[in-house]
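K.L.:
This structure is in structure tokens; I'll ask about it shortly.
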Amino acid sequence: MPDTVIRVENLGKKYAIGHQQEKQQYTTLRDVIANSSKGLAKRFRRGSRIESRSTEDFWALKDVSFEIKQGDRVGIIGRNGAGKSTLLKILSRITEPTTGRIEIKGRVASLLEVGTGFHAELTGRENIFLNGAILGMGKSEISRKFDEIVAFSEVERFLDTPVKRYSSGMYVRLAFAVAAHLEPEILVVDEVLAVGDIAFQKKCLGRMDEVSREGRTVLFVSHNMTAIRSLCNSGIFLSGGQVLNQGEIKDIVTAYEDGSKSLTENSISFPIKNHEYGLILNRCDVAIRHDNGHQNLVVSCQIGALKSLRNVGVGLTLKRLDGTVITYMPARLTNYVISEVNGTYDFSISCKEIDHYLVGDLYTVDIWLSDFSNYKQIIMVEEVAKFEILASDTFGTGNFITKKFGLVPLPLKFFTDCGCSKA
């Protein structure tokens, strides 16, 4: 049974927040000049907008308790301000906790902010040794890993350049290479990896996976749920400085995304009308149905008209949850057209075996109704629903693909199954 390498009990971190109390409006330059002869003390008193200052206690973390086993890959997720970075700083011994107790077994390497542990005036070569020493490594150990660090960071040409001239991406490359290659028992990575390009992020995720397979522990904070899913096997969901949930990563991510959706999205109020055309979208439902081991996307909507309309086109856009457009399905390509709308009609679109064409991730659906004769948009509803495609062995290689970027070219047979009937 794996040993517990991190034990946190009733952890709390309190900050004092100052508040300014205004007694008068900002003074203008004219006021300052006019009052300049009244003496320094009086002018200062009248020119200042701050008459008094009060403070309040803010608990960034409160009563946080959990255990992490050796070899665990733990994703720490939550909204901005949930306390994720504060927790990592405490675990990395950068910040002292206000209350509670922490037990850590092993050496901790942290990558929390761009440039952490680097000296701006030193070169990349010198900072490798400096950062390694900060992480508790000896000179011989750093020298043994030096070539691997440089190769991984891909900054060979700039190794003898002061890091103050590095871009933020170069900073992250070098800092992550040092942290990941000096064999820490616990690797702590904040969402700083988002600064790097896609290829480097993929390389970093692969390296963190290697680290965990070697029996070491990884703590990873990110808002990229696809990366969290692919790397981590367990998760901690923070909200308001407290642990809201802890368990298997799939359950934790689902709870986070459901909570984020309810907190950040406006509810869509049907029916939606376009008075110029007299067209009404009464409802729209999206579902994933399973058939013969595959996932089919079914979009159903009810369309009404206050007057007879001809050639109403129905279009869809599929996007990842972060807003990246995956595929665009306008009516002129899919031929989703209702020849005549007179009254109320039920319209459905079934995209079969969607898991063959979309990789495992969370997606949203936009739907719009248009005048097919001139492609003019009549009604547009963004993020009408959210659905999930489970990761699958798409190409029969034994690999479960969980991430892909850019537009996905879908074959025409993907768009063939649709129907319309009088309601």
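K.L.:
Being open to solvent by 90 Å² or more (accessible area, probe 1.4 Å) and in contact with a helix residue (DSSP H, G or I) (Cβ under 9 Å, 6 or more places away or on another chain) is the filter here, so list the residues in the range 53-84 that pass it.
P.N.:
Across the range 53-84, the qualifying residue is only 79.
K.L.:
Can you give me the number of residues within the range 338-387 that are crowded, with 17+ Cβ neighbours inside 10 Å and not small (Gly, Ala, Ser)?
P.N.:
29
K.L.:
Which of the numbered conditions does residue 199 fail, given that it passes all the others? Conditions: (1) open to solvent by 30 Å² or more (accessible area, probe 1.4 Å); (2) in contact (Cβ under 8 Å) with a residue 12 or more places away in the chain.
P.N.:
Against the list (1) open to solvent by 30 Å² or more (accessible area, probe 1.4 Å); (2) in contact (Cβ under 8 Å) with a residue 12 or more places away in the chain, residue 199 comes up short only on (2).
K.L.:
OK, next. If you scan the range 85-101, which residues turn out to be crowded, with 18+ Cβ neighbours inside 10 Å and in contact with a strand residue (DSSP E or B) (Cβ under 8 Å, 6 or more places away or on another chain)?
P.N.:
85, 86, 87, 88, 90, 91, 92, 97
K.L.:
What number of residues within the range 288-313 are assigned to a strand (DSSP E or B), among the aliphatic types (A, V, I, L, M) and without any contact (Cβ under 8 Å) to a residue 60 or more places away in the chain?
P.N.:
Of the residues in the range 288-313, 3 are assigned to a strand (DSSP E or B), among the aliphatic types (A, V, I, L, M) and without any contact (Cβ under 8 Å) to a residue 60 or more places away in the chain.
K.L.:
Anything in the range 150-160 that is closer than 10 Å to residue 125 by Cα and either assigned to a helix (DSSP H, G or I) or open to solvent by 40 Å² or more (accessible area, probe 1.4 Å) (or both)? List them, or say none.
P.N.:
Matches in the range 150-160: 150, 156, 158, 160.
K.L.:
Is it the case that the range 388-411 has a residue that's farther than 25 Å from residue 206 by Cβ, open to solvent by less than 40 Å² (accessible area, probe 1.4 Å) and either aromatic (Phe, Trp, Tyr) or modelled with pLDDT of 60 or more (or both)?
P.N.:
So far as the range 388-411 goes, no, none of its residues is farther than 25 Å from residue 206 by Cβ, open to solvent by less than 40 Å² (accessible area, probe 1.4 Å) and either aromatic (Phe, Trp, Tyr) or modelled with pLDDT of 60 or more (or both).
K.L.:
I've got another one for you. Condition test on residue 134, is it among the β-branched types (Val, Ile, Thr), in contact with a Gly (Cβ under 7 Å, 6 or more places away or on another chain), open to solvent by 20 Å² or more (accessible area, probe 1.4 Å) and without any contact (Cβ under 8 Å) to a residue 40 or more places away in the chain?
P.N.:
Yes.
K.L.:
Check off (1) open to solvent by 20 Å² or more (accessible area, probe 1.4 Å); (2) in contact with a Lys or Arg (Cβ under 6 Å, 6 or more places away or on another chain); (3) modelled with pLDDT of 85 or more; (4) over 21 Å from residue 233 (Cα atoms) for residue 185 and give me the number that stays unchecked.
P.N.:
(4)
K.L.:
Out of all the residues in the range 128-136, is one or more of a type outside the set (Phe, Trp, Tyr), out of contact with any Pro (no Cβ under 9 Å at 6 or more places or on another chain) and over 24 Å from residue 170 (Cβ atoms)?
P.N.:
Within the range 128-136, not a single residue is of a type outside the set (Phe, Trp, Tyr), out of contact with any Pro (no Cβ under 9 Å at 6 or more places or on another chain) and over 24 Å from residue 170 (Cβ atoms).
K.L.:
Assuming residue 332 fulfils every condition listed in (1) open to solvent by 50 Å² or more (accessible area, probe 1.4 Å); (2) within 19 Å of residue 380 (Cβ to Cβ); (3) in a loop (DSSP other than H, G, I, E, B) apart from one, which condition is it?
P.N.:
(3)
K.L.:
Say whether the condition of being in contact (Cβ under 8 Å) with a residue 40 or more places away in the chain, among the hydroxyl-bearing types (Ser, Thr, Tyr) and closer than 27 Å to residue 7 by Cβ is met by at least one residue in the range 158-175.
P.N.:
no
K.L.:
Any idea which residue in the range 167-182 is modelled with the lowest pLDDT, counting only those that are over 22 Å from the mean Cα position of the chain (by Cα) and farther than 16 Å from residue 147 by Cβ?
P.N.:
179
K.L.:
Being open to solvent by less than 60 Å² (accessible area, probe 1.4 Å) and in contact with a Gly (Cβ under 6 Å, 6 or more places away or on another chain): is that true of residue 206 here?
P.N.:
So residue 206 does not fit the description; no.
K.L.:
Something else: On the basis of being over 30 Å from the mean Cα position of the chain (by Cα), without any contact (Cβ under 8 Å) to a residue 12 or more places away in the chain and at negative phi, does residue 275 make the cut?
P.N.:
Yes: the conditions hold for residue 275.
K.L.:
Right, another one. Scan the range 252-275 and tell me whether some residue there is in a loop (DSSP other than H, G, I, E, B), hydroxyl-bearing (Ser, Thr, Tyr) and either modelled with pLDDT under 75 or surrounded by fewer than 15 Cβ atoms within 10 Å (Cβ to Cβ) (or both).
P.N.:
Checking the range 252-275: at least one residue is in a loop (DSSP other than H, G, I, E, B), hydroxyl-bearing (Ser, Thr, Tyr) and either modelled with pLDDT under 75 or surrounded by fewer than 15 Cβ atoms within 10 Å (Cβ to Cβ) (or both).
K.L.:
Oh, and also: Looking at the structure I just gave you, is residue 104 buried (at least 17 other Cβ atoms within 10 Å of the Cβ), over 25 Å from the mean Cα position of the chain (by Cα) and modelled with pLDDT of 90 or more?
P.N.:
For residue 104, the condition - buried (at least 17 other Cβ atoms within 10 Å of the Cβ), over 25 Å from the mean Cα position of the chain (by Cα) and modelled with pLDDT of 90 or more - is met.
K.L.:
Let me ask another. Consider residue 167 carefully, then state whether it is of a type in the set (Gly, Ala, Ser) and surrounded by 15 or more Cβ atoms within 10 Å (Cβ to Cβ).
P.N.:
no
K.L.:
If you don't mind, another one. Among the residues of the range 75-88, count how many are part of a helix (DSSP H, G or I) and either on the phi > 0 side of the Ramachandran plot or touching an Asp or Glu at 6+ places or on another chain (Cβ under 9 Å) (or both).
P.N.:
So the answer is 3.
The values are calculated or read from the model by the stated rules, or taken from the named source; none is laboratory data. Not measured: the values here are computed from a predicted model. Counting neighbours? That spans all protein chains shown, and the Cβs are built from the backbone with ideal geometry, glycine included. The area values use the complete protein model at the heavy-atom level, side chains included, leaving out ligands, DNA and RNA. Shrake-Rupley method; radii C 1.70, N 1.55, O 1.52, S 1.80 Å.
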